[in-house]
Amino acid sequence: MISVSKQDRLLVVAPHPDDESLGTGGLLQRAFACGAEVRILFATNGDNNPWAQRYCERRWNINATDRDRWGARRKEEALAAISCLGGSSECARFFNIPDQSLTKTLMEGGVIVDRFIQELQEYRPTLLAIPTRHDAHPDHSALAVLLAFVIKRMSSPPVRIFEYLIHRPRVRIRRERVALRLTPKEVACKYEAILRHETQVALSRARFTAFARSVELYFPFFAGRIELLPIIDVSCRPDALTLRLLVRKRERIGSSLLLISGVEDHYPQQRWRVPLPVSSGRTSVFDCSSGSTLGDATVRWTGREVNIVIPLFDAPPLQMLFIKLAGWAVFFERSGWCQATSLSSAELKDHREALTAAS
């Protein structure tokens, strides 16, 4: 059960303008109505949304100036939606990260984690709503991983953290959800707030307004073991990380593993990319922060299953290890990121059977 009171400080983190209404429109209404303090952080302005822009503006060629104008329009739509939900423009913060670039931002590192830490520590939310790392949109899942590192590094993290899902992945999520039940009036208000995002509902009205329903679902913030994703098993020795994945035929070409690990300030964060070869052999491991090649990993294919052994290259302990199978996609991916831990034999058997059945 999710509740909000006047004593709360709610912080909603949205990858793009419209996610605040789609994912948390009911929660925001409750917070505004009871007088709680509210802040909404928008990671991007949604500026790289070419097909909707082409449709709305009746133009084909879109340059940087056009994208800036589009992003400014989407920001205004977000402020209109917030007003519809009962809030004011003062509660919105825009980080202006380029749209469709959050995976790149996550893998290259930089000051963005520190910026989020500063924002959260200054605001001190008692209730935090963030995207889930299972989301099929790469911006959503990458932002969720980034925020997981932020939360881990905070001296006083929020006690109540919930994740919302906008784009359902093509794999089953084996996690329980909690519900915020909305009144008919709140559903109608959420519907109207969604319509304020005129540029987005122009092409996807039915899909967007379907989020205005009587139940708003969230995952409790989760840190730990493998969920139902392409990863079957993870094991870590002092000298190497071993992964087993179940890979569909069309994912075998052009896919890479993305790995990111690290929490402590005195340990450099590890950000690696491992291209998957189409046959057994060796493949390079790239350091995404520096662009350098660290060495080789060993890959062995057995049917659809692939076993990958990655030397740890004198890396510090792999804390909060996140893994993603990234391949070519038009827009949405098969799944988001997995926070990996080793499974027991019984858990591995159950997980592998469920994974095989779902794929």
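The values are calculated or read from the model by the stated rules, or taken from the named source; none is laboratory data. As the structure is a computational prediction, the values presented were derived from the model and not from experiment. With ideal geometry, Cβ positions are generated from the backbone for all residues, glycine too; neighbour counts draw on all protein chains shown.
At-a-glance table
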item: Candidates 139, 135, filtered to the one that is assigned by TED's automatic domain parsing to the domain that holds residue 213, crowded, with 22+ Cβ neighbours inside 10 Å and part of a loop (DSSP other than H, G, I, E, B); result: 135
item: Restricting the stretch 142-184 to residues that are in contact with a Ser or Thr (Cβ under 9 Å, 6 or more places away or on another chain) and of a type in the set (Ser, Thr, Tyr), the residue that is surrounded by the fewest Cβ atoms within 10 Å (Cβ to Cβ); result: 183
item: Some residue of the stretch 60-76 being surrounded by fewer than 17 Cβ atoms within 10 Å (Cβ to Cβ) and in contact (Cβ under 8 Å) with a residue 60 or more places away in the chain; result: no
item: Residues that are within 26 Å of the chain's Cα centre (by Cα), of a type in the set (Lys, Arg) and under 16 Å from residue 234 (Cα atoms), drawn from the stretch 297-336; result: 324
item: Scan of the stretch 142-175 for residues that are in contact (Cβ under 8 Å) with a residue 40 or more places away in the chain and part of a loop (DSSP other than H, G, I, E, B), ordered by number; result: 158, 165, 166, 167, 169, 170, 171, 172, 173, 174, 175
item: Qualifying residue in the stretch 50-69 (condition: in the same structural domain as residue 194 (by TED's automatic domain parsing), of a type outside the set (Lys, Arg) and on the phi > 0 side of the Ramachandran plot); result: no
item: Test: residue in the stretch 221-244 that is modelled with pLDDT of 95 or more, aliphatic (A, V, I, L, M) and not in a strand (DSSP E or B); result: no
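Yes or no, residue by residue, for (1) out of contact with any helix residue (DSSP H, G or I) (no Cβ under 7 Å at 6 or more places or on another chain); (2) modelled with pLDDT of 95 or more; (3) buried (at least 23 other Cβ atoms within 10 Å of the Cβ); (4) assigned to a helix (DSSP H, G or I):
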| residue | (1), (2), (3), (4) |
| --- | --- |
| 1 | yes, no, no, no |
| 6 | no, yes, no, no |
| 42 | no, yes, yes, no |
| 80 | yes, yes, no, yes |
| 90 | yes, yes, no, yes |
